[in-house]
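Enquirer: Let me give you the structure first, and then I'll get to my questions.
What follows draws every value from the coordinates through simple rules; no lab data is involved. Here the structure is a predicted model, which means the values were calculated and not measured. Methodologically, a virtual Cβ is constructed for each residue, glycine included, from the backbone with ideal geometry; neighbour enumeration extends over all protein chains shown.
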Amino acid sequence: MTATERRPSDFERYAVLALLLLLLFGCYLIVRPFLIAFLWGWIIAISTQGLYGKCVSLLRGRRKLAAGLTTLLLIAILLVPVALLGANVAEGVPKLIEWVNGMLAGGLKEPPSWLAGIPLIGKRVNEWWLSAAADPEKLSQQLRPFFGPIKDFLLAAAASIGVGVLQFALALFLAALLYVQGDRVTAVADNIAGRLAGDFGHRQVAVIRSTVRSVFRGLIGTAAAQAILAIIGFWIAGIPNVLLLGMGTFFLSVVPGGPTILWLPAAIWLGANGSTGRAIFLGIWGLFIIGGSDNIIRPLLIGKGTEAPMAIIFLGVIGGIVAFGFLGLFIGPVLLTVAYNLFREWMETFAARPAPVADSPQ
């Protein structure tokens with residue numbers, strides 16, 4: 001060290017650290033509005049890498065054109081149905097509110113004859129229905145406190161549909177950029193993981209990619225299968241707007257038991273209109289065919305390509321939804337899978353150590 005050189009003081013080091021933290025915080029504030037869209041774009045880009053590779057081969061190595069073609073396909077497959085479903089839901093919310101208001105004002109009609117025959121709960125529900133039909137004013141007073149919050153929730157959900165569609169469109173645009181720059185992004189991620197944890201870091205990055213692909217494959221595959229089964233069941237039962245209900249089933253299937261929100265009211269509607277046989281058929285179809293397919297298809301698709309037991313993946317999906325919302329479908333399994341691999345690596349390292357040799361007695 002020359003006479004003109006000196007070591008930075010503690011104050012200078014802390015000042016540089018504070019400036020770096022402020023810089024990172026400022027960058028976070030700038031990208032925060034796009035953070036969810038970026039995460040979705042990253043998930044879509046990783047999960048559809050195979051489709052992008054086929055487009056690259058089809059277009060003889062023209063990567064930018066292949067990225068555009070892949071994005072157009074995803075728009076047709078994912079974004080257009082989301083936008084159509086969102087528009088129908090937003091249009092139907094005012095009608096639903098008007099129908100509920102009319103029901104509260106006019107009261108219920110007589111219950112269907114089959115309602116009392118339902119095991120366990122049929123008699124109680126039938127008695128409550130008769131009591132509510134005989135006294136519409138009492139029913140209105142009982143339901144009015146719940147109607148306000150539900151109405152506000154439905155209006156807020158309808159207003160947020162447009163924002164969600166825009167975020168999804170932005171996610172597809174970011175996925176197109178990641179297709180083109182995918183090799184550079186992958187190299188940077190591998191380099192960072194290697195610097196932090198060596199070969200183990202490289203393995204965990206690969207585990208994250210394979211887990212995201214497997215969860216996305218299970219998500220889309222299960223949703224498509226349940227949507228097709230729902231359309232078949234609704235069509236046989238004579239329910240109107242089967243394609244719209246099928247699209248709704250596709251998006252509700254990401255939540256375990258989500259399609260019940262559609263087929264159960266449809267079965268009740270059939271029974272209330274005198275179609276008892278169709279109502280029973282749709283109830284059985286929804287419970288065992290639509291619901292049962294979730295328990296078979298999702299584990300088969302998600303289990304392939306993951307380096308963790310199926311129980312870990314299942315807990316990650318459910319717990320991730322509860323903790324992080326819709327993105328938790330991917331965040332939960334990834335976190336639990338990485339934690340499981342860390343624990344397994346630590347146990348294998350510990351088991352590989354030679355046992356200590358006991359001192360011989362003197």
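Enquirer: How much length is gained if the chain between LEU22 and ILE261 is pulled fully straight, taking 0.36 nm per residue apart and subtracting their Cα-Cα distance, in nm to one decimal?
Expert: On the way: separation 239, 0.36 × 239 = 86.04 nm, distance 4.64 nm.
Stretched out fully, the LEU22 to ILE261 stretch lengthens by 81.4 nm.
Enquirer: Applying 1/(1 + (r/R0)^6) with R0 = 45 Å to the Cβ-Cβ distance of LEU315 and GLU12, what FRET efficiency is obtained, to the nearest 0.05?
Expert: 0.40
Enquirer: Quick one: dipole size for the stretch 12-76, taken about the Cα centre, charges +1 on Lys/Arg Cβ and -1 on Asp/Glu Cβ, in debye to the nearest 20.
Expert: Rounded to the nearest 20 debye, it is 380 debye.
Enquirer: A follow-up question, please. At a Förster distance of 30 Å, what's the computed FRET efficiency of LEU65 paired with VAL163, Cβ-Cβ distance as r, to 0.05?
Expert: Details: r = 31 Å, r/R0 = 1.03.
Computed FRET efficiency for LEU65 and VAL163 comes out at 0.45.
Enquirer: Right, here's the next one. Give me the number: length gained by fully extending LEU196 to LEU130, i.e. 0.36 nm times residue separation minus the C-alpha to C-alpha distance, one decimal in nm.
Expert: Full extension from LEU196 to LEU130 adds 16.9 nm.
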